[in-house]
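All remarks here apply to the structure that follows.
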Amino acid sequence: MGKWSFVVALLGASWLQAQTVLIIGDSHIVGDFGEYFHWELHKLNRYDILSLGIGGAGSLHFTNTLKNHCCGYKFRESCRGEKLVKGQKIRVLEEGKGADGGMILPGFHSQLGELLQAYRPEVVVVALGSNNVNAHGHLLRLIKRHCPAARIAWIGPFLRLVLEQRLRAIQAAIKREPSAILIRSDDILGHDILKSAHFTGAMARKWAAAVVERLKTTL
């Protein structure tokens, strides 16, 4: 299958038929971007959605025992057909503040693999790469081992220092996994001098809406 045909399959048939979407990411998923991104997907009224954000996480952290190692985490859920009032927060199933070193998702033995086995997502959205603590290939293999039919959409980092280095690491892993695709987001907010940023409010909402639109319509 050619790359463009794959995009059509992912964002057309496979995406539209998905029953469950799992989002995993770093502190941007914990914060406002993750909240708005979850909201924008929920508004499509097609999916049961879970999102797990771990502050300071790289892909390496998701391949090991899940811990609150840095600056908090949040595990959200919404269900297809669930009515949310404007301004209402996405339901939080579990969260932690600060860095207490505690286990995340003990009900799943703090393992991403057990979470994947329990929910069997048709689509996994990965929003990692900003923290540069990488085991990208290992993460993709872990997802496919537990959910062989899952499609994977990797959201690239925003525009920032050493962006090309971060993108090359993601692209190298995706090249070896035909069910994965990169969704670039570094042209949306235009911050090319930041070492780190946690976008809030209107900027986070703009970033989330644009990324969801790209997931729906384009590479």
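The values are calculated or read from the model by the stated rules, or taken from the named source; none is laboratory data. Just so it is clear, the structure is predicted and the values come from calculations on it, not from any experiment. Quick reminder, even Gly has a Cβ in these numbers, built from the backbone with ideal geometry, and neighbours come from all protein chains shown.
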Task: Residues satisfying the stated conditions in the stretch 65-78, i.e. modelled with pLDDT of 95 or more and either within 18 Å of HIS28 (Cα to Cα) or touching a helix residue (DSSP H, G or I) at 6+ places or on another chain (Cβ under 9 Å) (or both) - done: LEU66, LYS67, ASN68, GLY72, TYR73, LYS74, PHE75, ARG76, GLU77, SER78
TODO: Scan the stretch 146-153 and give yes if some residue there is under 26 Å from GLN111 (Cβ atoms), touching a residue at least 40 places away in the same chain (Cβ under 8 Å), surrounded by fewer than 20 Cβ atoms within 10 Å (Cβ to Cβ) and not charged (D, E, K, R), otherwise no.
DONE: no
- [ ] State yes or no: is ARG141 buried (at least 16 other Cβ atoms within 10 Å of the Cβ) and at pLDDT 95 or above?
- [x] no
Open item on the list: Cβ-Cβ under 8 Å, sequence separation 6+ or interchain: first residue in the stretch 190-215 and within 26 Å of ILE152 (Cβ to Cβ), partner modelled with pLDDT under 95 and among the β-branched types (Val, Ile, Thr). Which pairs?
Closed with: LYS206/ILE188; TRP207/ILE188; ALA210/ILE188; VAL211/ILE188
Task: Single unsatisfied condition, GLY156 versus (1) under 13 Å from the mean Cα position of the chain (by Cα); (2) over 28 Å from LYS43 (Cα atoms); (3) modelled with pLDDT under 95; (4) not basic (Lys, Arg) - done: (2)
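When the stretch 37-50 is examined, which residues are found to be assigned to a helix (DSSP H, G or I) and of a type in the set (A, V, I, L, M)?
LEU41, the sole residue that qualifies.
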Open item on the list: Restricting to the stretch 37-62, and then to whatever is in contact with a Lys or Arg (Cβ under 9 Å, 6 or more places away or on another chain) and of a type in the set (A, V, I, L, M), can you tell me which residue is surrounded by the most Cβ atoms within 10 Å (Cβ to Cβ)?
Closed with: ILE54
- [ ] Collect the residues in the stretch 14-25 that are over 17 Å from ARG205 (Cα atoms) and modelled with pLDDT of 95 or more, keeping them in residue-number order.
- [x] THR20, VAL21, LEU22, ILE24
Task: Answer from ALA204, ALA210, ALA197, ALA127 - the residue that is closer than 26 Å to ARG46 by Cα, surrounded by fewer than 18 Cβ atoms within 10 Å (Cβ to Cβ) and not hydroxyl-bearing (Ser, Thr, Tyr) - done: ALA210
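To keep it simple, each residue is scored yes or no on (1) out of contact with any strand residue (DSSP E or B) (no Cβ under 8 Å at 6 or more places or on another chain); (2) among the acidic types (Asp, Glu); (3) modelled with pLDDT of 90 or more; (4) part of a helix (DSSP H, G or I).
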{"site": "ASP186", "(1), (2), (3), (4)": "yes, yes, yes, no"}
{"site": "GLY190", "(1), (2), (3), (4)": "yes, no, no, no"}
{"site": "HIS198", "(1), (2), (3), (4)": "yes, no, no, no"}
{"site": "LYS206", "(1), (2), (3), (4)": "yes, no, yes, yes"}
{"site": "GLU213", "(1), (2), (3), (4)": "yes, yes, yes, yes"}
